[in-house]
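The values are calculated or read from the model by the stated rules, or taken from the named source; none is laboratory data. Since this is a predicted model, take the numbers as computed values, not measurements. Every residue, glycine as well, gets a Cβ built from its backbone with ideal geometry; the counts of neighbours run over all protein chains shown.
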Amino acid sequence: MAKVIIIGAGGVGTVVAHKCAQNPEVFTEIVLASRTKSKCDAIAKAIGSDRITTDSVDADSVEQLVELFRRHKPELVINVALPYQDLTIMDACLECGVNYLDTANYEPKDEAHFEYSWQWAYREKFEKAGLTAILGCGFDPGVSGVFTAYAAKHHFSEMKYLDIVDCNAGDHGKAFATNFNPEINIREITQNGRYYQDGKWVTTGPLEIHKPLTYPNIGARESYLLYHEELESLVENFPTIKRARFWMTFGQEYLTHLRVIQNIGMARIDEVDYNGVKIVPLQFLKAVLPNPQDLGENYKGETSIGCRIEGRDKEGKHLTYYIYNNCSHEEAYKETGMQAVSYTTGVPAMIGAMMFLTGKWNMPGVHNVEEFDPDPFMAQLKVQGLPWHEQFNLDLEV
Ligand code: NDP
């Protein structure tokens, strides 16, 4: 018998709720709680399972979270609200003896800054409490780390170069929209780029480095070097890595809109005074952009996310390796009513929760996904809608 609380009823929360409901032998009771309860109710109704109950919580408040956890007594909380709530939810977990899983690292609201230090500072507290916290269990971060751990376990004696490549070749028919929370997405993309090389971090201008990369079943797409949070934990957990980078595709139309948004000050995250009211331009912009949850219906095409790795195989010979998943927006929508970006995040979050609840990923402390055994997770990816493929000794292009 395992009870989970899902916090957050956005695109990702919708997929997590669907997938937990599809696995009743693991998730016997599901509570879906968010700031706006009506959204939770609509999701529960669409799923139609009598094992889902809903509740409301402001996850910025530890007090409210503690009250929620005491009322429901879950074994695990799946945090798919926003990165701003990670620490309050972790605090409440410690207070109530609840295990924790999320898909994005903590960010302070007033500074777009991605690093694990805030959450890694909870390691000892979770360990002492005998509780497990699983960090970054979406697709990237998430499956990208599990793919890397799988490559290290089964194919490489030494991984030297890691490139995580993320392509969304879908078309939602809108002039401009983001695929997940616009505020979080725009904060991420407008930052300086950063990659790891020979023990140091190298900073680039935002989207300064780019090249076409070829994605399976899609073809060549211009791919831009970004900083992405899993690079930080992967180079720590796999110290043979000399260079680690992250690439994401963007269309010209998207980049033009983004440039205008920045140039006119709408990407600002500081408060401005508007007619005597304090507003944050980026939060205001979110209110007028298309809701990522509503993109699914007309979304065509697919995503392709994977890891390209170069190093030496188990016999010491040179090896290049590519492991990836392609996910169709249409198929994801048919199954959950959400597009593939929410789907590829929500499915791994459910699998991570399943790994914990079935005892396979139960390790008190605060851990990134690559610290666990990748095999049972990889097996579930195939079963739960995200099949993966491997290619050996090919031109990695990176
Ligand atoms: P959405 O904006 O669609 O949904 C966020 C949800 O969280 C909303 O239901 C919102 O409630 C709720 N929420 C926000 N603040 C609070 C609060 N204080 N208390 C309670 N609930 C709150 O985001 P997504 O579903 O697109 O993304 C969810 C998470 O997944 C994000 O952290 C994102 O960074 C992460 N992500 C990770 C990826 C990965 O591969 N690892 C990829 C994509 C996303 P309300 O509706 O009332 O605003």
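Checked against the criterion of being over 19 Å from residue 373 (Cα atoms), at pLDDT 95 or above and of a type in the set (Ser, Thr, Tyr), the candidates 190, 204, 148, 132 yield just one match: 204. Flag not set for residue 242, criterion: of a type outside the set (A, V, I, L, M) and under 30 Å from residue 338 (Cβ atoms). Residues in region 376-398 that are surrounded by 14 or more Cβ atoms within 10 Å (Cβ to Cβ) and assigned to a helix (DSSP H, G or I): 5 in all. When 67, 75 are checked against the criterion of being closer than 14 Å to residue 5 by Cα and within 15 Å of the ligand (Cβ to nearest atom), a single residue qualifies: 67. Residue 70 meets the conditions (1) within 19 Å of the chain's Cα centre (by Cα); (2) assigned to a helix (DSSP H, G or I) in every case but one. The failed one is (1). Out of the residues in region 187-219 meeting the condition of being in a loop (DSSP other than H, G, I, E, B) and of a type in the set (A, V, I, L, M, F, W, C), tell me which one is surrounded by the fewest Cβ atoms within 10 Å (Cβ to Cβ). Filtering region 187-219 for residues that are in a loop (DSSP other than H, G, I, E, B) and of a type in the set (A, V, I, L, M, F, W, C), the one surrounded by the fewest Cβ atoms within 10 Å (Cβ to Cβ) comes out as 209. Within region 58-84, being under 13 Å from residue 35 (Cβ atoms) and surrounded by fewer than 23 Cβ atoms within 10 Å (Cβ to Cβ) holds for 58, 60, 61, 64, 82, 84.
A count restricted to region 5-37 and to residues that are in a strand (DSSP E or B) and away from the ligand (no atom under 16 Å from the Cβ) stands at 1.
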